[in-house]
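One structure is given below, encoded as structure tokens.
The values are calculated or read from the model by the stated rules, or taken from the named source; none is laboratory data. These numbers come from a predicted model, not from an experiment. A quick note on method: Cβ atoms are made from the backbone with ideal geometry, for glycine too, and the neighbour counts reach across all protein chains shown.
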Amino acid sequence: MGKFDGASWSIDDIPYGEIAHDRVRDDRQLFYIVASASFIEITSDLYTQNLIEFFRHDAEIAEWLAHQWEKEELQHGAALKKYVQTAWPDFDWEAAYANFRRDYGATCTVEGLAGTKALEMVARCVVETGTASFYRMLSDISPDPVLSRLATEISADEVRHYKHFHRYFRRYRDVEKPSRFAVLRTLVGRAAEVEAGDTFHAFHAVFRGSHPGVEFERADYDAYRDGVLNLVRQYFPHGMAVKMLLKPLGMSPMVGRAMVPAVKQATRLFLRRYDNAA
Ligand SMILES: [Fe+2]
Ligand SMILES: [Fe+2]
């Protein structure tokens, strides 16, 4: 895949040939994290259509969503897929993903949108904060420099997505004038629901693909979830997440300080998403 217009990096920039195979080959937790992320990102096309539809009257936003944002999310999926296929070649990515897409795609109803365009932009800021923080964490904990590099590129994309959504939020805020309470409620509400279901379904599909003939049990997921929660407790970039979540509230430093506890609660909800799943 070459570089598409406006992209800051392409899959060809990632030195897959230099993967430190001896450091990742037996790391099952890392395998599950990266394979699950590849499934979720590469399925972005299922979630983007209703958002593009919601903003079809705003040419600039509709254009950016369709030609930049969606393409970048799909590139995240393609780049992570190539990493999984190179680092863990025994895993049949295509077959496992076909199961994920069939089972999850069938149950995946159109994602609920927030009540207004300004509030939907707040919700999008929350989602991008979650992914930007997640990839920052993955970059920090990765034992392989190639995966660190890839996760850094993806995290930077997610931060750029956040900046676009934040700018569009301000545009609609000036028109719709949502109350600060409505913004805060959207922010905390969306943080609680981010990707909980996706995470479980992706793990399930990766497990089945890597354990042919073995019955999946809830305990397998619970063990994985506990391991990830441990990582998250130690390595999640809370400062970054809190800063990003506070911005849409756009407040004077004094009011901002009063909001910090609620926003901290919202970042904790990201971490609990594994608990909420399924
Ligand atoms: Fe992404
Ligand atoms: Fe993104």
Of all residues making up the range 205-234, the number that are under 26 Å from Asp140 (Cβ atoms) and loosely packed, with under 15 Cβ neighbours inside 10 Å = 6
query = Could you list, in sequence order, the residues of the range 165-180 that are part of a helix (DSSP H, G or I) and either more than 13 Å from ligand 2 (Cβ to nearest atom) or more than 16 Å from the chain's Cα centre (by Cα) (or both)?
reply = His166, Arg167, Tyr168, Phe169, Arg170, Arg171, Tyr172, Arg173, Asp174, Val175, Glu176, Arg180
remark   = Exactly one of Glu111, Glu195 is at pLDDT below 95, surrounded by fewer than 17 Cβ atoms within 10 Å (Cβ to Cβ) and within 16 Å of ligand 2 (Cβ to nearest atom), and that residue is Glu111
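Listed here are the residues, each with its yes/no results for (1) away from ligand 1 (no atom under 16 Å from the Cβ); (2) β-branched (Val, Ile, Thr); (3) without any contact (Cβ under 8 Å) to a residue 24 or more places away in the chain.
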position: Ala156; (1), (2), (3): no, no, no
position: Val159; (1), (2), (3): no, yes, no
position: Phe165; (1), (2), (3): no, no, no
position: Val175; (1), (2), (3): yes, yes, no
position: Phe181; (1), (2), (3): yes, no, yes
position: Leu187; (1), (2), (3): yes, no, no
position: Ala192; (1), (2), (3): yes, no, no
position: Val206; (1), (2), (3): yes, yes, no
task = For Val214, indicate whether it is assigned to a helix (DSSP H, G or I) and farther than 28 Å from Glu53 by Cα.
result = no
key: Within the range 135-153, considering residues that are in a helix (DSSP H, G or I) and hydroxyl-bearing (Ser, Thr, Tyr), the one farthest from ligand 2 (Cβ to nearest atom)   = Ser148
query = Among the residues of the range 114-157 satisfying the criterion of being acidic (Asp, Glu), at pLDDT 95 or above and within 26 Å of Ile61 (Cβ to Cβ), which is surrounded by the most Cβ atoms within 10 Å (Cβ to Cβ)?
reply = Asp157
request  = Specify which of the listed residues (Ala132, Ala123, Ala118, Ala156) is in a helix (DSSP H, G or I) and closer than 19 Å to Leu231 by Cα.
outcome  = Ala132
ask   = Residues Glu72, Glu63: which one is closer than 30 Å to Leu184 by Cα, surrounded by fewer than 17 Cβ atoms within 10 Å (Cβ to Cβ) and charged (D, E, K, R)?
value = Glu63
task = Show the residue pairs that are 6+ apart or on different chains and have beta-carbon atoms under 8 Å apart, the first residue being within the range 52-74 and within 20 Å of Trp9 (Cα to Cα), the second being in a helix (DSSP H, G or I) and more than 16 Å from ligand 2 (Cβ to nearest atom).
result = none
